[in-house]
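Only the coordinates and a few stated rules stand behind these numbers; no lab work does. If you're wondering where the values come from, they're calculated on a predicted model, not measured in any experiment. Every residue, glycine among them, receives a Cβ derived from its backbone with ideal geometry; neighbour counts consider all protein chains shown.
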Amino acid sequence: MSVLARFVKDTRGNFGVITAVMMVPLAIGAGGAVDYSRTVAAKTKLQAAVDSAALILAHDARTSTLPQLQARAETLVTQMFGSSTTGIASLKSVALTRNDKTIRIVAAAQAPTTTLKMAGMSAMDMNVASESAYGTRKIEVALVLDNTGSMAGTKITELRKAAKNLVTTLQGVQTDAGSVKIGLVPFTTQVRLDTAMKDQAWLDFATYGVAKASWGGCVTDRNQPFDVTDAGAALVPAVNCAAGTLARVVPLSTNFDALRTSIDGMTAGGNTNITIGLSWGMAALSNAEPLTGAAPDGSADVEKFMIVLTDGDNTQNRWSTSKVTIDNRTRAACDTAKTASRGIKLYTIRVIDGDANLLRDCASNTSMFYDVKQASDLDAVFRKIAQEIAAIRITS
């Protein structure tokens, strides 16, 4: 047999040769996955930056020139994207266009590769776009927030931060005075009103023998069936405050600084009655007594929202400590808020604990229910809700 024939037939060492040859594409594949995941993460951040910039710039779309909007778009996207992606990706371009109803931002960025360079790919490109319409729709938002004892510690701290950021986001899309109004309803088994309301005819000091002169502002559920609504002739029973530190209800307001201060004043203590929070949320979004700052129900140019947050089960109302009994009142209150005549869009948020099914059913739809697994995620949830509300605000 010739030398050449023996060489062809000899298979010794083939595995080592094949392994060596295959190591290159295997290494490229593994490294490529890393490059790809980094690029996807950067693209997500770029999309978030462009979305936020579009919402912000819709505020000034009617009053700014196109060059002014373009310059601000470049600044905003650069600030929001660049600070979180240094060394991972670089922004290449930001372009803004505008018509009589919509602004559109398109941005491009590039992420340098590492391993994929061996395959001839030195960078990965990413392109995103976002649109925001601008108009004159008004929004009214009631923040109905659990201030019970189980919210103590990290939960109440994160809630304060998240709620204040929501206020700031919505303040940023206010184009005209009064076009954005926000109210606050901290709740336990009671809610606490401004004591300046003590002479209002709708208050009842007799049922619980509360002295008007020393009343701390706290009230409890109205007589059934009026406990699940803000309407009807039943009076509001004044009670002695179970916790003198319970933050007061803030009717719809455009004083956003004062609202943030009130949110900062929220403390945790007491038991849970979601129903009373819902009923006063409805009151905040009504133009009838006891709170009268909202637009009439059915106003064509107004969108109403309620955001209800809790971290626990119903434990006590005026009549009962039975969870099932109180849950039935909560369901009835949710149904009232969501009736077509009220027109309230209802978000619900469960923080770690509580009845997920009750809160999911309470929301206007399942996509408006958020099940938060850790308190630190609250800010992201509130920002998402704020962006959804803002998008409706600036859509004509």
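Couplings 3J(HN,Hα) of segment 359-369, computed from phi: 6, 5, 5, 6, 5, 4, 7, 5, 6, 9, 9 Hz, in residue order, whole Hz [Karplus 6.51 cos²θ - 1.76 cosθ + 1.60, θ = phi - 60°; x for Gly and Pro]. Residues whose amide H falls under 5 Å from that of GLY354, counting only those 5 or more places apart or on a different chain, are ASP313, with hydrogens built in the peptide plane.
Rg(Cα) of the chain divided by 2.2 N^0.38 Å?
On the way: Rg = 28.3 Å, N = 396, 2.2 N^0.38 = 21.4 Å.
Rg over 2.2 N^0.38 Å, computed on Cα atoms: 1.32.
Pulled fully out, how much extra length does the chain show between VAL40 and THR366, if you take 0.36 nm times their separation in residues and subtract their Cα-Cα distance? Intermediate results must be reported in sequence, preceding the final value.
Numbers: separation 326, 0.36 × 326 = 117.36 nm, distance 2.76 nm.
114.6 nm is the gain from fully extending VAL40 to THR366.
Averaging the Cα positions of each part gives two centres, and for segment 34-99 and segment 188-216 these lie 51 Å apart. Using the Cβ-Cβ distance between THR168 and ASP125 with R0 set to 25 Å, the FRET efficiency from 1/(1 + (r/R0)^6) comes to roughly 0.15.
When averaged across all projection directions, what area in nm² does the alpha-carbon convex hull of segment 213-310 cover? Write down the numbers at each step before the final one.
Values: hull surface 29.6 nm².
If you wrap the Cα atoms of segment 213-310 in a convex hull and average its projections, you get 7.4 nm².
Considering just Cα atoms, how many Å³ per residue does the convex hull of segment 257-304 enclose?
Numbers: hull volume 5.2 nm³, N = 48.
Looking at segment 257-304, the number lands at 109 Å³ per residue.
In the chain, helices alone account for a calculated mean residue ellipticity at 222 nm of -12000 deg cm²/dmol, with every DSSP H run of four or more residues adding -39,500 (n - 2.57). Only Cα pairs under 8 Å and 6+ residues apart enter the sum, and on that basis the relative contact order of the chain stands at 17 percent.
Relative to the longest principal axis of the chain, what angle (0 to 90°, nearest 10) does the C-alpha long axis of helix 66-82 take? Helix 66-82 sits roughly 80 degrees off the main axis of the chain. Running a GNM on the chain with Cα contacts under 10 Å, which residue among ILE276, ILE88, ILE182 ends up with the highest mean-square fluctuation? Comparing ILE276, ILE88, ILE182 in the GNM, the peak value goes to ILE88.
Using a Gaussian network model of the chain with C-alpha springs under 10 Å, which one of PRO67, PRO251, PRO237 is most mobile by mean-square fluctuation? In the Gaussian network model the winner is PRO67. Principal-axis analysis of the Cα atoms of the chain puts helix 14-58 at an angle of about 30° to the longest axis.
If you fit an axis through the alpha-carbon atoms of helix 154-171 and take the longest principal axis of the Cα set of the chain, what angle between them do you get, 0 to 90°, nearest 10? Approximately 90 degrees, to the nearest ten. Converting phi to 3J(HN,Hα) with the Karplus coefficients 6.51, -1.76 and 1.60 and the offset θ = phi - 60°, segment 241-254 yields 5, 5, 9, x, 8, 4, 5, 7, 5, 10, x, 3, 8, 10 Hz in sequence order, with x at every glycine or proline. Couplings 3J(HN,Hα) for segment 104-111, derived from phi with the Karplus relation 6.51 cos²θ - 1.76 cosθ + 1.60 (θ = phi - 60°), are 10, 10, 10, 10, 10, 9, 9, 10 Hz, where x marks Gly and Pro. Summarising the amide proton neighbourhood of VAL249: residues at separation of 5 or more, or on other chains, whose placed amide H is nearer than 5 Å comprise ARG192, LEU193, ASP194. Placing dummy labels 7 Å off each Cα toward the beta-carbon, the span from ALA234 to ARG383 is 4.2 nm.
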